[in-house]
Amino acid sequence: MDALRVEGLTRRFGGVVAVHRVSLDVAEGERRAIIGPNGAGKTTLFNLVAGKLSPSEGTIRYRDTDITGFAPHQRARLGIGRTFQRTNLFPSLSVCENIRLAVLAQTDRARRILVPVERFADVEDRVDELLDDFALAHRATTEVHELSYGEQRQLEIALALAGRPSLLLLDEPTAGMSPAETSSITEIIAGLPREVTLLVIEHDMEVVFTLADRISVLHHGEVIAEGTPVEVRDDPNVVEVYFGGAG
Amino acid sequence: MTTSVARAARRNRWAVPALVLALVAVPFVLGTFEVSLATTALIFAVLAMSLDLLVGYTGLVSLGHAAFFGFGGYVAAYTAIHLTGNLLVVLPVVAAGTALLAVVLGFLALRTTGVYFLMLTLAFGQMLFGLAVKWTPVTGGSDGLAGVPAPFVGIGPMSYAFTGRVRFYYLVVVAVLALGWFLIRVVGSPFGHALVGIKDNEERLASLGYDTWRYKMAAYVLAGVVAGVVGALFVFFNRHAAPENLFWVVSGEVLLMVIIGGAGTMYGPALGAVLVRLFESYVSSYTDRWQTLLGLLFVAFVLFAPGGIVGVIRRRRNRGRAPG
């Protein structure tokens with residue numbers, strides 16, 4: 001069974017076609033990288049899968065459920081987690097409160113209105129676990145605007161993982177990071193359970209080659225190549241897009 | 001894990017007993033005028049807290065909170081005059097009525113955010129004000145509903161009436177402590193944190209799995225119901241439901257209380273409300289230009305202390321803690 005099956009997906013913004021008849025089959029547990037030059041439609045594709053945008057045409061199926069018309073929070077509750085290209089956190093809450101909010105999201109306790117938020121032992125355990133996994137324990141009570149950029153990116157991914165998604169969309173997880181931060185984030189992502197299906201947009205080819213089982217190359221909103229890292233690297237179309245005729 | 005909330009609670013261990021003691025002592029130490037002033041100040045304190053649930057926590061700046069305050073008052077007056085002044089009947093009716101109003105208004109207003117939300121809430125408030133002035137058979141028109149009986153609780157000979165300023169004051173103290181406690185619990189709950197999440201970053205909260213629209217609606221209804229209940233108390237205090245209670249000036253004044261006190265906390269707006277009521281009461285006895293002065297006070301806060309009174313207190317405390 002495919003974790004994600006995208007068929008004939010098109011999204012137009014006025015006269016501009018950002019994503020054009022994209023079809024993708026991502027198997028359960030697969031790690032798929034989406035690469036392509038800037039403006040290729042990668043983030044638009046993500047926003048379509050996560051539900052922030054609705055497609056002009058085409059369907060999106062997640063584990064045999066047609067989710068094309070689902071709102072973002074409904075997709076999240078089905079197990080689709082995502083991170084954002086620009087860091088996207090809750091700046092007036094502390095690190096620990098950010099993570100707790102994300103953990104609570106997938107429980108029925110998020111709606112409790114008279115119980116102190118830190119009252120649920122299993123939630124707190126999961127919060128502590130994530131703080132440890134992302135080396136943020138010593139920053140637990142820090143407000144997020146005081147974190148370094150790298151720490152904010154780590155928290156960004158921690159939030160997406162809090163609800164134990166089965167499909168995780170990572171939009172440039174290492175963007176703007178130092179080489180040391182990049183390798184530590186790559187290690188964290190590589191260490192995720194294999195059941196988690198990954199869809200990663202990434203510009204850093206080293207990260208892509210470390211993580212990806214397969215790669216889809218997007219150019220002008222269309223998939224121009226798909227295959228294993230080695231196949232894609234040797235694909236003449238890809239070489240053309242990346243290295244030739246750049247003018 | 002020790003949270004900031006738990007630490008604050010320990011630090012302020014004596015705050016609640018001291019507050020309760022001070023409130024109980026007011027009629028013993030102060031005169032009738034001050035008791036009345038304290039009564040309205042407490043009512044506005046909770047009104048400001050309920051508005052802050054929207055403004056400071058959820059990030060929904062409403063300029064129409066008087067709609068619930070005034071509407072709750074009219075429902076209370078109408079019920080008390082035509083049915084019974086028994087609070088055990090009146091208050092549930094008020095709560096149900098304002099909840100219904102909030103669902104209807106929220107259904108429309110919550111489709112917008114920012115300045116559009118502000119303008120829509122303002123418009124709804126003014127529509128209700130217009131309705132109250134024009135629908136004379138029900139609302140008493142511009143005279144409002146006079147002759148509201150004293151509220152009571154209990155049945156027949158077992159009932160207790162809140163006649164007299166002091167008895168009513170204690171009723172308000174009990175209601176204010178209960179509602180204040182309720183609101184403080186709400187903002188410390190998972191639901192309350194989700195509201196802050198909406199203010200900070202609604203898109204991200206939705207991507208985590210929160211149906212943010214429902215949370216906003218719930219916050220809007222909660223804030224509306226609390227405002228309606230204190231609006232009912234205000235009408236029982238005056239024994240009169242006046243259309244002015246629905247007027248946008250009341251909404252503006254409550255928003256001012258929230259901002260002067262410090263949005264995003266519960267005790268800030270309560271402090272702001274008390275301060276503004278005291279200011280109005282005392283400064284207006286010296287000068288007719290007290291509104292100008294209040295305006296200047298507001299401008300000064302926005303420019304020099306955007307976090308309100310609470311922001312000033314926090315900064316001083318942090319400075320005290322800084323090493324060296």
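The values are calculated or read from the model by the stated rules, or taken from the named source; none is laboratory data. All figures in this text were calculated on a predicted structure; none of them were measured in a lab. Quick reminder, even Gly has a Cβ in these numbers, built from the backbone with ideal geometry, and neighbours come from all protein chains shown.
Numbers below:
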| read-out | value |
| --- | --- |
| Number of positions in the stretch A:183-207 that are buried (at least 19 other Cβ atoms within 10 Å of the Cβ), in contact with a helix residue (DSSP H, G or I) (Cβ under 8 Å, 6 or more places away or on another chain) and at pLDDT 90 or above | 8 |
| Residue list for the stretch B:148-169, filter: part of a loop (DSSP other than H, G, I, E, B) and in contact with a Leu (Cβ under 6 Å, 6 or more places away or on another chain) | B:Pro151, B:Phe162 |
| Hey, B:Val172 assigned to a helix (DSSP H, G or I), crowded, with 23+ Cβ neighbours inside 10 Å and either in contact (Cβ under 8 Å) with a residue 24 or more places away in the chain or out of contact with any Asp or Glu (no Cβ under 9 Å at 6 or more places or on another chain) (or both) or not | yes |
| Subset of the stretch A:114-126 [buried (at least 18 other Cβ atoms within 10 Å of the Cβ) and either within 7 Å of another protein chain (Cβ to nearest Cβ) or not aliphatic (A, V, I, L, M) (or both)] | A:Val117, A:Glu118, A:Phe120, A:Arg126 |
| Pairs, first facing chain B (nearest Cβ under 7 Å) in the stretch A:98-111, second aromatic (Phe, Trp, Tyr) and outside any loop (DSSP other than H, G, I, E, B), C-beta under 9 Å, six or more apart | A:Ala110/B:Phe191; A:Ala110/B:Tyr215; A:Arg111/B:Phe191; A:Arg111/B:Tyr215 |
| Exclusive hit being on the phi < 0 side of the Ramachandran plot, part of a strand (DSSP E or B) and under 15 Å from the mean Cα position of the chain (by Cα), set A:Leu168, A:Leu161 | A:Leu168 |
| Selected residue (only one of A:Leu53, A:Leu24, A:Leu89, A:Leu4 is in contact with a Phe, Trp or Tyr (Cβ under 7 Å, 6 or more places away or on another chain) and in contact (Cβ under 8 Å) with a residue 12 or more places away in the chain) | A:Leu4 |
| Condition met for B:Lys199 (farther than 22 Å from A:Phe120 by Cβ, basic (Lys, Arg) and within 9 Å of another protein chain (Cβ to nearest Cβ)) | yes |
| Single unsatisfied condition, B:Leu222 versus (1) surrounded by fewer than 22 Cβ atoms within 10 Å (Cβ to Cβ); (2) more than 14 Å from chain A (Cβ to nearest Cβ) | (2) |
| Pairs, first facing chain A (nearest Cβ under 9 Å) in the stretch B:179-194, second of a type in the set (Phe, Trp, Tyr), C-beta under 8 Å, six or more apart | B:Phe191/B:Tyr215; B:Gly192/B:Tyr57; B:Ala194/B:Tyr210; B:Ala194/B:Tyr215 |
| Check on B:Leu122, modelled with pLDDT of 95 or more, hydrophobic (A, V, I, L, M, F, W, C) and under 18 Å from the mean Cα position of the chain (by Cα) | yes |
| Residue in the stretch B:202-218 that is more than 10 Å from chain A (Cβ to nearest Cβ) and of a type in the set (A, V, I, L, M, F, W, C) present | yes |
| Number of positions in the stretch A:209-233 that are of a type in the set (A, V, I, L, M) and in contact with a Pro (Cβ under 7 Å, 6 or more places away or on another chain) | 2 |
| Set A:Pro55, A:Pro72: member being within 14 Å of another protein chain (Cβ to nearest Cβ), over 18 Å from A:Ile215 (Cα atoms) and touching a Lys or Arg at 6+ places or on another chain (Cβ under 7 Å) | A:Pro72 |
| Those helices (runs of 4 or more DSSP H) lying entirely in the stretch B:210-290 with at least 2 residues among the aromatic types (Phe, Trp, Tyr) and over 16 Å from the mean Cα position of the chain (by Cα) | B:212-238, B:267-283 |
| Residue count for the stretch B:141-168, restricted to those that are of a type outside the set (A, V, I, L, M, F, W, C) and buried (at least 21 other Cβ atoms within 10 Å of the Cβ) | 2 |
| Breaking point among (1) in a helix (DSSP H, G or I); (2) more than 22 Å from A:Thr43 (Cα to Cα); (3) within 9 Å of another protein chain (Cβ to nearest Cβ), for A:Thr141 | (1) |
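So that you can scan it fast, the table gives a plain yes or no per residue for (1) under 21 Å from B:Val24 (Cβ atoms); (2) out of contact with any helix residue (DSSP H, G or I) (no Cβ under 7 Å at 6 or more places or on another chain):
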| site | (1), (2) |
| --- | --- |
| B:Gly156 | no, yes |
| B:Arg165 | yes, no |
| B:Val172 | yes, no |
| B:Lys199 | no, no |
| B:Gly209 | no, no |
| B:Leu222 | no, no |
| B:Ala227 | no, no |
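Yes/no matrix, rows are residues, columns are (1) under 30 Å from A:Asp128 (Cβ atoms); (2) in contact with a Gly (Cβ under 9 Å, 6 or more places away or on another chain):
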| position | (1), (2) |
| --- | --- |
| A:Arg12 | no, no |
| A:Ala27 | no, no |
| A:Asn38 | no, no |
| A:Glu57 | no, yes |
| A:Arg61 | no, no |
| A:Asp64 | no, no |
| A:Gln74 | yes, yes |
| A:Asn88 | yes, no |
| A:Ala110 | yes, yes |
